[in-house]
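Written below as C-alpha cells is the structure these notes are about.
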Amino acid sequence: MSLINVDHVSKRFPLPDGKGEFTVLDDVSLTVRSGEVVALLGRSGSGKSTLLRIMSGLIRPSQGAVRSNGAPLRGANPNLAMVFQSFALLPWLTVQDNVELGLAARHVDRSERRERALKAIDIVGLDGFESAYPKELSGGMKQRVGFARAFVLEPEVLFMDEPFSALDVLTAENLRGEIDDLWNAGTFPSKSILIVTHNIEEAVYLADRVVILGSKPGRIRGELPIDLPRPHDRSLPRFKVLVDYIYAAMTNPDIEVSGVIDGGGPEPSTVRSTVSPFSRPLPHVRVGGISGLLELIVEKGEEIDDIPVLAERLQLSVDDLLPLLDAAAMLGFAQVANGDVRLTPVGRDFATTTILRSKDLFRQQAMVHIPVLNSIVHTLREKANGAMRSDFFMGIWDDYFPIEEAERQLATAVDWGRYGELFEYDASEGRLYLPS
Ligand SMILES: Nc1ncnc2c1ncn2[C@@H]1O[C@H](COP(=O)(O)OP(=O)(O)OP(=O)(O)O)[C@@H](O)[C@H]1O
Ligand SMILES: [Mg+2]
C-alpha cells in the first residue's frame, strides 16, 4: 500500500540575482509503501531536504504532484512527522512540553496529551527527564526528545533528515541501534520510515531499500533493495558488497544504478583470486600510526572530512597523511574518495575501544581485507609446526618488487601481523610462525 507518492516532481528556485531560476529537483518520482524503511542517499545539495519538505507539504513543487494515502496533498501532510538533524527543540519548554507540542496543535485534550507524551518519553528511554529543559540534556538525549516528539503523533510515516549526524559517533551508533531494534521488534510507532542520509553504511544498515539521488539537478539515479535478513549484519560479505556498490555509484555519476547486483555469497577467504595477494603493496605505516590517526579524527569531530583540512589540523603534511589513510581504507576502517575521508563504524569502534578489542577488530579486518596477511596465515596453517622461513615469502614478493621494497613489505606485514596476533617473526632464525 502506497502511503506517500511523489509523481514527476520538479522544483525550481529563483536565482539570487533575480535573473531566472535554477532547478533543484528534476522529474523525481518516489513511492513510500507501508512496512518499509527507505533511505534516500545523496550528496550535499542534491535536494534531499527539499524533497522531504515537498512530501511534508511545507513547500509546493514547481511541477508534478504529491499524494498522501492516494489523495492529492494540500497543505501540511498530517500523516507524517519529522526528526531533524538539529533536534529543533524549543529551549523554553520542558521535555514533556516539547513532546506534547504537536498534540496541542492537533487539539488533543490535556490528559490524553500527557499520557501519550509520557509513553513516547518512555519508549525513547528518557523516563525521569520529563521536567528537564533542553539545555540540561546531552546531544543524544536531545535527539531522543526529537524522536519522542515525532513518535507521540503516531504518524504513518516517520521522516528523518540526517537524525544522527549531529551526534558524536558512539552516541549516534547507540541511538541508531535502538531505532533499528524498535523497528525490528514490530513496536515502532509508524508504518514506514524515510531516512535521509549521506552515510552509506547507515543507509544499508537501516533500510530495506536505498534510493540514490544524483546532484545538480537532483534526479533519482536508481534504487537498490537491501536483500539482507533484519537486523542487517555488518559482518556479512553481502553487506560490504552493497556498501561498496553504492559507494562506487556515489563517487562516479556515470555508473548506472541497477536494481540487482551480484556477489557477497561466499566467505571472502574462500574466494579465489587470480591476482597474487603479494602483488598489492602494503603502505608502510605502523598499526600504532593508523590507530593514532583514527583516534584524532574521532576526537576532532566528524566535521573535518576534507583531507587537506585534516592534514592542517593535525599538523601533518598531506604526504605523511596519505599512507595512513591508504592503510585505514585498505583495512575497511575509513572510506577515502575525492579528497574526503570518513570513518566506517568498525573504524570508529577500532579507534575508541580497548586495546584488546582493537586487536580483535584489527585481526578480523586484516583477514578479510588484506589478502597478503590472509595468505601468510593460511600458508602457516598448512605446516604441521605452524612455521615457515621468511625467505619463502620474500621469494614471492621478489617477483613483484625490487629487493629493498620486498624487504620493506615483509617488515610491514610483520608489524601488522604481530599487532593482530596473526603470526610472529623470529628475526634471528628468519622464520614466521603462528602464535601458540
Ligand atoms: N528556499 C530556497 N531558496 C533557494 N534555494 C534553495 C532553497 N532551499 C534549498 N535551496 C537550494 O537547493 C539545493 C538543495 O538543497 P537541499 O537542502 O535540499 O539539499 P540537501 O540534499 O538536503 O543537502 P544537505 O545534504 O547539505 O542537507 C541547494 O543548492 C540549496 O541551496
Ligand atoms: Mg539536507
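The values are calculated or read from the model by the stated rules, or taken from the named source; none is laboratory data. Since this is a predicted model, take the numbers as computed values, not measurements. Every residue, glycine as well, gets a Cβ built from its backbone with ideal geometry; the counts of neighbours run over all protein chains shown.
Scan segment 365-381 for residues that are under 15 Å from residue 328 (Cβ atoms) and not small (Gly, Ala, Ser) and the total you get is 4.
For beta carbons closer than 7 Å, sequence separation of 6+ or different chains, a first residue in segment 37-54 that is touching a residue at least 24 places away in the same chain (Cβ under 8 Å) and under 14 Å from residue 6 (Cα atoms) and a second that is near ligand 2 (Cβ under 9 Å from one of its atoms) and outside any strand (DSSP E or B), the qualifying pairs are 40/48. Here residue 39 clears all of (1) small (Gly, Ala, Ser); (2) crowded, with 17+ Cβ neighbours inside 10 Å; (3) modelled with pLDDT of 95 or more; (4) over 30 Å from residue 212 (Cα atoms) except the condition numbered (4).
The single condition among (1) under 19 Å from residue 424 (Cβ atoms); (2) surrounded by fewer than 20 Cβ atoms within 10 Å (Cβ to Cβ) that residue 353 does not satisfy is (1).
With the requirement that a residue be within 16 Å of ligand 2 (Cβ to nearest atom) and either buried (at least 16 other Cβ atoms within 10 Å of the Cβ) or small (Gly, Ala, Ser) (or both), what does segment 2-27 give you? Residues satisfying the conditions are 11, 24, 25.
Only one of 41, 15 is within 14 Å of ligand 1 (Cβ to nearest atom) and closer than 17 Å to residue 207 by Cβ; which? Walk me through how you get there before you give the answer.
Details: 15 fails: closer than 17 Å to residue 207 by Cβ.
One residue alone meets the criteria, 41.
Taken as a whole, the condition of being assigned to a helix (DSSP H, G or I), under 30 Å from residue 204 (Cβ atoms) and within 36 Å of the chain's Cα centre (by Cα) applies to residue 346. Residue 69 - would you say it is in contact (Cβ under 8 Å) with a residue 60 or more places away in the chain, away from ligand 1 (no atom under 13 Å from the Cβ) and in contact with a helix residue (DSSP H, G or I) (Cβ under 6 Å, 6 or more places away or on another chain)? No; evaluated as a whole, the condition is false for this residue.
Just to be sure before I move on: is residue 46 away from ligand 1 (no atom under 12 Å from the Cβ) and not aliphatic (A, V, I, L, M) in the structure I sent?
Numbers: away from ligand 1 (no atom under 12 Å from the Cβ): no; not aliphatic (A, V, I, L, M): yes.
So residue 46 does not fit the description; no.
Criterion applied to 93, 101 was being modelled with pLDDT under 95, in contact with a helix residue (DSSP H, G or I) (Cβ under 9 Å, 6 or more places away or on another chain) and not aromatic (Phe, Trp, Tyr), and the one residue passing it is 101. Every condition in (1) closer than 21 Å to residue 237 by Cβ; (2) modelled with pLDDT of 90 or more; (3) among the aliphatic types (A, V, I, L, M) holds for residue 367 except the one numbered (2). Going residue by residue through segment 135-147, is there one that turns out to be modelled with pLDDT of 95 or more and closer than 30 Å to residue 70 by Cα? Yes, the conditions are met somewhere in segment 135-147.
Tallying residues that are more than 16 Å from ligand 2 (Cβ to nearest atom) and either assigned to a loop (DSSP other than H, G, I, E, B) or among the hydroxyl-bearing types (Ser, Thr, Tyr) (or both) within segment 28-74 yields 14.
Only one of the numbered conditions (1) touching a residue at least 24 places away in the same chain (Cβ under 8 Å); (2) surrounded by fewer than 17 Cβ atoms within 10 Å (Cβ to Cβ); (3) within 16 Å of ligand 1 (Cβ to nearest atom); (4) not hydroxyl-bearing (Ser, Thr, Tyr) is violated by residue 93, and that is (3). Exactly one residue among 83, 32 is in contact (Cβ under 8 Å) with a residue 60 or more places away in the chain and away from ligand 1 (no atom under 15 Å from the Cβ), and that residue is 32. How about segment 378-401: which of its residues are modelled with pLDDT of 90 or more, over 21 Å from residue 421 (Cα atoms) and either part of a loop (DSSP other than H, G, I, E, B) or not aliphatic (A, V, I, L, M) (or both)? Passing the criteria: 395, 397. So, residue 161, is that one closer than 29 Å to residue 345 by Cβ, of a type outside the set (Ser, Thr, Tyr) and within 16 Å of ligand 2 (Cβ to nearest atom) or not? Yes; evaluated as a whole, the condition is true for this residue.
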